[in-house]
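Only one structure is covered here, and it is reproduced in the block below.
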């Protein structure tokens, strides 16, 4: 088999186990979007244009709370800032690609694809077609995300509202944090940010409570990580 | 701004955070200190979505009594920490929520 195709299918195969939690996530997104009054067309457009689970759910949450466009935009940007973390690692492996491929790879770069392709790149440094691994993994995620969005749109019109499915939003984010509950500094940051957001929900103007709480939380992390480091030195 | 325009802008922002690191970032631009602080981004942002959705009622007032979401979230958190499983966390929370509101 052609080397590009081989890399592509390896990417599809490697991301597949990680797709299991993506399936309910996509369905929940579709159900909630319809629940909150978006049209099926807008919902599908979101999954194609934004293509990011956390970004799309925070969009819904703020949109239904009546937040302004600017607040929604900056909150989506803040949620995405975690992508910058991957920067140092991937730019090293993909620096030889031309602009078109960089754009394609970037659109498909979701957490799951990054996780497996990063390992693959480290083990196959010399393979010039290795980026097809990321494209395979990313397209796998993309396909699952669009299909589950559509399933969710369909289910959203038949699931009764009194089931309280909007509660799935905080639960989904809670699930993404489970590993952080074991670390003291993370727990402090979580409590600080959550408390500020809850108390500030009505007091902070423009529904900017997500940004304000997250900034204070990061500042606390900055202070705490510095002071623990000093103790070790 | 119409919904679809807003979605396009949000899509652009999402794309740019993914693209900038591949296209522009050089290894030297991020030192260990910045990377360490950035690793706290999920812990700083997600609670700002989680807490209000649990503790506030539909009018935005704090509701501590007679709020089934609090107990359901605590159960989900314990299941999550023990199992480290995303699906188990979400479903244990939803199922306990339904048990509290429909059965008890």
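Nearest 500 deg cm²/dmol is fine: what mean residue ellipticity at 222 nm does chain B get from its DSSP H runs of n ≥ 4 alone, each adding -39,500 (n - 2.57), divided by its residue count?
Numbers: 5 runs with 72 residues, N = 104.
Rounded to the nearest 500, it is -22500 deg cm²/dmol.
What are the radius of gyration and Dmax of segment B:27-91, computed over its Cα atoms and given in Å?
Just the Cα atoms of segment B:27-91 yield Rg and Dmax of 16.3, 53 Å.
Sorted from fewest to most neighbouring beta carbons within 10 Å, what does the list B:65, B:5 look like?
On the way: B:65 5, B:5 10.
With the sparsest Cβ surroundings first, the list reads B:65, B:5.
If I histogram all Cα-Cα distances within the protein assembly as shown using bins 20 Å wide from 0, what percent of pairs lands in each bin?
30, 60, 11, 0
Working from Cα positions, state the angle (0 to 90°, nearest 10) between the long axis of helix B:86-98 and the longest principal axis of chain B.
30
Mind checking the angle between helix B:3-23 and chain B's longest principal axis? C-alpha axes, 0 to 90 degrees, to the nearest 10.
Long axis of B:3-23 versus the principal axis of chain B: about 60 degrees.
Between residue A:101 and residue A:147, what is the FRET efficiency for a Förster distance of 25 Å, r being their Cβ-Cβ separation, to the nearest 0.05? Let's see the in-between values first.
Numbers: r = 26 Å, r/R0 = 1.02.
E(calc), rounded to 0.05, equals 0.45.
Quick check on the exposure proxy: order B:21, A:46, A:203, B:77 from fewest to most C-beta atoms within 10 angstrom. Please report the intermediate quantities before stating the final value.
On the way: B:21 23, A:46 27, A:203 8, B:77 20.
Ranked by crowding around the Cβ, least crowded first: A:203, B:77, B:21, A:46.
Helix B:68-83 sits at what angle to the longest principal axis of chain B, using alpha carbons and giving 0 to 90 degrees rounded to 10?
Here the helix axis deviates by roughly 60 degrees.
Please give the Cα centre distance for segment A:113-150 versus segment A:174-233, rounded to the nearest Å.
What the calculation gives is 32 Å, centre to centre.
Taking the beta-carbon count within 10 Å as an exposure proxy, list B:62, A:153 from fewest neighbours to most.
With the sparsest Cβ surroundings first, the list reads B:62, A:153.
Coordinate-derived values only; no laboratory data. Just so we're clear, the structure is a prediction, and the values are computed from it rather than from any experiment. Note that each Cβ is placed from the backbone with ideal geometry, even for glycine, and that neighbours are counted across all protein chains shown.
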